[in-house]
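The values are calculated or read from the model by the stated rules, or taken from the named source; none is laboratory data. Predicted, not measured: the structure shown is a model, and the values here were computed from it. All Cβ positions, glycine included, derive from the backbone under ideal geometry; neighbour counts span all protein chains shown.
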């Protein structure tokens, strides 16, 4: 998660003094709490080892999240409901007034250090649901840590145990993706850290949230009693993040717009997927694009998207000035297009229309298209079916976009693999990213299928079958 934060905040801070001031002030709070020096964090390169250090990344996520929320409110975008993922829930709670900024900085610094001091471990994302993940982890020191979607589960544990888990997944035909972390958050390895963190939070002053928050621990709305209970925040550290349930609770609130502030887009991808599966008309806007993009342009692009959807974001005040107009009336001159000359029409009675006679011998039997007769499935139908299976959606439109449907890198790798296996083509991830609509992806797949040398392919298959036959007799 840390590598994705390289350069985060730099682009917006360069053009917005108040955002830069927020980052500086929040970084100072972290320093006063005994945390890492984050004053120049937005200038760290992607390979900086600090971006892999939990004790550094967590306070960095806090200050970026709070600065982003303040920036949104200055533009007239006050949240009616807050949802944060893992450390993002503490950020949401701080913005809602559960923690003071100073207490939040101290809490997150302590939380990060406690997690960093836990036993080393790692995490992997698997394209499977909770039940499947639990079954495959049976007997191993591997826990379900995060439930990001119906078929997107993150598991964690010691390196050796997780390697066995990944082998089991591979045998079951499930893809896994390692995460760039050094500790297994939200797992049994965090039990000691959770107890110490609970004790630390008990020394702070907590308040009921002023803005509703969705709990990642329960997947339901955070109650006032939970918000002020140190035990809740300890459990939140060592138990799974039930983000799928949290998104369902978010949708039950019937928002018309969701604004994402983190550049990873993992959270908003699940919101899009869930809204699409539920056939909900929901606008999901990401204010921060992925690493390497122009942050300021992304932010104002998000404001434009919100404005065109009927929201009224507030822009920065501009100096008033008197518009200069010409002191004389313009001389109007009209230009008319001449009407075409009328042409005489021939009466129908004057025209000679030969009669048409059709005999039985002339009739041509109507046959079904060749494709339907043979029972073959077209490339377009096959691709559409694979998309439907990937997202669990019964009906898809040509304009539906892979990313708007909630597609993640795990979905992309799976989809490319099954399309290549089913249609014997060589689709690449880049093809999907450049042709992310269903119609565009179908067109690209058809192009590659047309370039395929079926004669050579059949010859190769025959050679393989022949070799297998010889081996079976030996």
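When 122, 91 are checked against the criterion of being closer than 23 Å to residue 183 by Cα and surrounded by fewer than 24 Cβ atoms within 10 Å (Cβ to Cβ), 122 stands alone in meeting it. Could you list all residues from the range 139-183 that are closer than 22 Å to residue 112 by Cα and modelled with pLDDT of 95 or more? Residues satisfying the conditions are 142, 143, 144, 145, 146, 147, 154, 155, 156, 157, 158, 159.
Restricting the range 240-262 to residues that are under 20 Å from residue 154 (Cβ atoms) and assigned to a loop (DSSP other than H, G, I, E, B), the residue that is modelled with the lowest pLDDT is 262.
Can you tell me which residues in the range 204-226 are part of a helix (DSSP H, G or I) and under 22 Å from residue 251 (Cβ atoms)? Result: 226, single match. Screening residue 38 on (1) part of a helix (DSSP H, G or I); (2) crowded, with 23+ Cβ neighbours inside 10 Å shows it passes everything except condition (1). The residues of the range 1-35 that are surrounded by fewer than 16 Cβ atoms within 10 Å (Cβ to Cβ) and in a loop (DSSP other than H, G, I, E, B) amount to a single one, 34. In this structure, is residue 128 touching a strand residue (DSSP E or B) at 6+ places or on another chain (Cβ under 7 Å) and either more than 30 Å from residue 170 (Cβ to Cβ) or surrounded by 21 or more Cβ atoms within 10 Å (Cβ to Cβ) (or both)? Answer is yes for this residue.
When the range 158-173 is filtered for residues that are in contact with a helix residue (DSSP H, G or I) (Cβ under 7 Å, 6 or more places away or on another chain) and within 9 Å of residue 124 (Cβ to Cβ), the ones remaining, listed by number, are 165, 169.
Scanning the range 260-273 for residues that are surrounded by 21 or more Cβ atoms within 10 Å (Cβ to Cβ) and either in contact with a helix residue (DSSP H, G or I) (Cβ under 8 Å, 6 or more places away or on another chain) or closer than 21 Å to residue 78 by Cβ (or both) gives 260, 261, 262, 263, 267, 268, 270, 271, 273. When the range 412-445 is filtered for residues that are in contact (Cβ under 8 Å) with a residue 60 or more places away in the chain and touching a strand residue (DSSP E or B) at 6+ places or on another chain (Cβ under 8 Å), only 413 remains.
Any residue at all in the range 231-238 that is within 30 Å of residue 12 (Cβ to Cβ) and touching a strand residue (DSSP E or B) at 6+ places or on another chain (Cβ under 6 Å)? No, that holds for no residue.
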